[in-house]
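Taking it in order: structure first as structure tokens, then the write-up.
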Amino acid sequence: MKRLRFVIFVAFMITWVSGLGLAQNSENILNLPGVGQPTPSSGQTPGQLPTLDFSQSQPVTPSQQPSLPIPSTPQPGQIQILDPNQTQNQGQPIPAVWKKFNLKDVVGTMDQVGRGQIEYPENWQVIPDSFNRMVSLNEDASGLVSLRLYIISYVRYSNATDYVAAIVQMLSSTVSNIRVINKDEQNITNQAVASYGANETIARYELQGNFQGTEMTMCIETWVYSLYESNLGNAVIYWAPSSVYQQKYKDFFSRMMTSYKNSLK
């Protein structure tokens, strides 16, 4: 039985990596469906969204729900190393030095599923949250340009679309007029994994909404691997004011996401 579990685990990690590759290039293959808010595909009352749960073990009751964004003060001792020859849209220098954050620093070295690393600009704030198994990476104390990574854990959602819907519900508590502008949903289950009764899905949603008078663009990327009654998944949310979102994606989010996905291979 232990050997069978090990074979299953190896199978889903292999197919997961291939799925991450698909998600990494999703900005080039996004479907363009009609605008509409994602809703759970099963197990929920019509018109309702599932609740969030990022607990380390298979969830029983909902955990504390964070909101977007959470302004915070800079960490003591942070050093800004900037390249004056590079500028962003708003004239701020782009950091020339990037650092790596090991997600084991959030969940602990003994955690069996939490893993990976992510690169980030050295002058960004790093805010780990062990309770919710996540880390926030903020450009500054305002939190208006940020990437939030929920580390791999057992979740209550059987597919990536349901996971997205839960995150949309979380965002709607602080962001008004949320609407989907692009989405890509894929079932990436291969035959070997399916033979064990497993299923893998990925989803990438781009949304827009208003936060305290600022029009924001947000991207949600989720992955869920389901086997019997257990669901293993993770999610990443990144956002910026719509006026600078594309530039922030080019300068920061693209490299951050690529580094994270590559660290899981």
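The values are calculated or read from the model by the stated rules, or taken from the named source; none is laboratory data. Keep in mind that what you see is a predicted model, and the values were worked out from it rather than measured. Positions of Cβ are generated from backbone atoms using ideal geometry, with glycine treated the same way; all protein chains shown enter the neighbour counts. Accessible surface is based on the protein model in full, side chains and every heavy atom, while ligands, DNA and RNA are left aside. Shrake-Rupley method; radii C 1.70, N 1.55, O 1.52, S 1.80 Å.
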**Fill in**
Checked against (1) touching a Ser or Thr at 6+ places or on another chain (Cβ under 9 Å); (2) assigned to a strand (DSSP E or B), Ala192 satisfies every condition except (2)
**Request:** From Arg133, Arg156, grab the single residue that is in contact with an Asp or Glu (Cβ under 6 Å, 6 or more places away or on another chain) and either modelled with pLDDT under 95 or more than 23 Å from Tyr245 (Cα to Cα) (or both).
**Result:** Arg156
**Fill in**
Over the stretch 206-233, the set of residues over 15 Å from the mean Cα position of the chain (by Cα), under 20 Å from Phe253 (Cα atoms) and among the hydroxyl-bearing types (Ser, Thr, Tyr) is Thr214
**Request:** Go through the stretch 203-216 and give me each residue that's assigned to a strand (DSSP E or B) and open to solvent by 10 Å² or more (accessible area, probe 1.4 Å).
**Result:** Glu206, Gln208, Asn210, Phe211, Thr214, Glu215
**All positions within the stretch 240-265 that are open to solvent by 10 Å² or more (accessible area, probe 1.4 Å) and hydroxyl-bearing (Ser, Thr, Tyr)** = Ser242, Ser243, Tyr249, Ser254, Thr258, Ser259, Ser263
**strands (runs of 3 or more DSSP E) lying entirely in the stretch 113-186 (those with 3 or more residues that are touching a strand residue (DSSP E or B) at 6+ places or on another chain (Cβ under 7 Å) and without any contact (Cβ under 8 Å) to a residue 60 or more places away in the chain)** = 125-129
